[in-house]
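Throughout, read-outs are computed from the coordinates displayed, never taken from laboratory work. Just so it is clear, the structure is predicted and the values come from calculations on it, not from any experiment. FYI the Cβ positions are ideal-geometry reconstructions off the backbone, even for glycines, and counts take in every protein chain you see.
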Amino acid sequence: MSQPIKCSLCEEAATVHLSQVVHGNVTKVHLCEACAQKGGATDPAVFQLADALTSASPAPTLTCPKCGFTDIDFRKRGRLGCPSCWETFGDVLNGLLLKVQHEAAHVGRVPAGTLPSGQLRRRLDDARREMEKAIAGEDYEAAARLRDEIVGLEKQLTTL
Amino acid sequence: MSSVEDILAAENELTHLLGAQQAVVLSTRIRLARNLDGSPFPGWAKVPQRKEIADRCVEALEALPKFRRGHVLRMGELGDRDRSVLVERHLVSKELASGKSGAAVISRDQTCSVMVNEEDHLRIQVVKAGWHLRGTWHIAEQLDDALGGSLKLAFSDRLGYLTACPTNVGTGLRASAMVHLPGLCLAGHMDKVSRALNQDGLAVRGWLGEGTEAAGNVFQISNQQTLGLSEEAILKHLGGWIKTVVEQEWNARRKLAQEEGEKFVDRLARSLGLLRSARLLTSSEAMNMLSHLRLACDMGCLPEERRHLVDRLMIEGQPAHVQARAGQELDSDGRDRRRAAVVREALKDFPEVVPPTA
């Protein structure tokens, strides 16, 4: 007979076996009865903890210069350290954002007093494309409307 | 008088029919996650930093006209029961209540509350009784603008409002409706509805939010995506689905009333009878029976103007509320006894249940 599987949190024999599938990645956690009850077998933290324990814990490869938060911290917590972390971990986060949010760029409100230059520029690109399409489809009314919008956007951008 | 006692005693939006109250949708809620530029997020900040952040946020909030004569509550200064009361009222989250360095700034009418040092520095919340997505959003928008005027918020041109968790970045907006769906539950359609909502990017949760059961057939439906969609698009998407869910709920109720006939009325009448006679009432039993009374009010089996009383009992029948009203800690039996007494008293002059008119 094979060795009984040990609990991921202590050394007891595991009797509770959990699998979590997130975007096709399977994480398995084995717990003894005591740890399962204590941690609450459905607590996502159990998976994070087990993940941190089972994966080889290498030295951090990225550290936020502003707050000292590392990529290892992010793997453990699933939360960031400070607003600057968004820049520090930009590449890692971009992939994650596409998975959890299906998008990687903001198109909503901006704080009072902030000039939304990035959004204006993106809208300008879209409007130009839409106008070309409208012309190709001979929808001149729509094209005229878009031309007016483009003129307006260009003016706004030059006055920023 | 402590501030939490004040909150319990005050007439307010959700328990006293101050807002327009409706069938099916109990309340509409908007939440915006915001952070201070240049400060570590609460989960990573050191204790003195968290204190400094809380002081800065509370000072800015207190200066806003919306919070004049409101409440400022620091979690570290409140007892367990008071914090539980706030959670049961949805004024603060369990997460905020379980820490010491959080604070809540609550408007006089309890429609606006801002949590400080939860997962993010600021969580602006606005709640209205009934279904008022636009009105609720406009209040939140104004608060956000006012706050952005006095505090520099963490914002990136590309990613929008920066939050501690990637699931909130962008708009930081969580819009939700608290819906009462006894028809869909009784008809056994709730799994199907949940699945459809999940597939289209909406989350379905129980009465007290994340990880809670749907006591009393009450569910919270909210958007999941916060990035790559404008606030307008998020609200429109949620609004469209809530309209569909409300229609489906009415269809299920009418079908049930028609097919079951006397049995349908009997079920509602029994619940009223039980609530009026019980000497010991657990919180989940109370919720489930009160759900039947709310259904009866919606369907014309009980007078509609009694509905707000049912809503109030749903909120005030929760464990911490029962103890706060009693002014003492009670064990489980004591709470059930006290809850039964409160419910009996409130329902003693309720008329009898009659066949539906709706």
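Numbers below:
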{"quantity": "Neighbour-count ranking [beta-carbon atoms within 10 angstrom, fewest first] of B:311, B:157", "calculated": "B:157, B:311"}
{"quantity": "Estimated inter-spin distance, residue A:91 and residue A:122, nm [label 7 Å along Cα→Cβ]", "calculated": "2.2"}
{"quantity": "Sites residue B:109 and residue B:304, calculated FRET efficiency, Cβ-Cβ separation with R0 25 Å, nearest 0.05", "calculated": "0.60"}
{"quantity": "Degrees between helix B:307-316 axis and first principal axis of chain B (Cα, 0 to 90, nearest 10)", "calculated": "60"}
{"quantity": "Neighbour-count ranking [beta-carbon atoms within 10 angstrom, fewest first] of B:111, A:70, A:61", "calculated": "A:61, A:70, B:111"}
{"quantity": "222 nm mean residue ellipticity, helices alone, for chain B (DSSP H n ≥ 4; -39,500 (n - 2.57); rounded to 500)", "calculated": "-14500 deg cm²/dmol"}
{"quantity": "Extended-chain gain in nm, criterion 0.36 nm per residue less alpha-carbon gap, residue B:331 and residue B:145", "calculated": "62.4 nm"}
{"quantity": "Taking B:115, A:131 and counting other C-beta atoms within 10 Å, the order from fewest to most", "calculated": "A:131, B:115"}
{"quantity": "Exposed GluC sites (Glu not before Pro) absent - longest run of chain B, DSSP non-H/G/I/E/B, at most 16 other C-beta within 10 Å", "calculated": "B:12-209"}
{"quantity": "Test item: B:164-175 mean partner chain Cβ contacts at 10 Å", "calculated": "5"}
{"quantity": "Contour excess over end-to-end distance, with Cα ends at residue B:251 and residue B:270 and 0.36 nm allotted per residue", "calculated": "4.5 nm"}
{"quantity": "Loop trypsin sites (Lys or Arg not before Pro), region B:244-274 (other Cβ atoms within 10 Å of the site Cβ: 14 or fewer; DSSP)", "calculated": "none"}
{"quantity": "10 Å Cβ neighbours from other chains, averaged over peptide B:219-231", "calculated": "4"}
{"quantity": "Additional length obtainable on full extension of the chain from residue B:282 to residue B:56, 0.36 nm per residue less Cα span", "calculated": "77.1 nm"}
{"quantity": "Fraction of alpha-carbon pairs over 38 Å apart in chain B - percent", "calculated": "18"}
{"quantity": "For residue A:5, residues with placed amide H under 5 Å, excluding near neighbours", "calculated": "A:14"}
{"quantity": "Within 10 Å of each Cβ in B:149-156, the average number of Cβ atoms from other chains", "calculated": "4"}
{"quantity": "Cα pair count fraction exceeding 39 Å, expressed as % - the protein assembly as shown", "calculated": "34"}
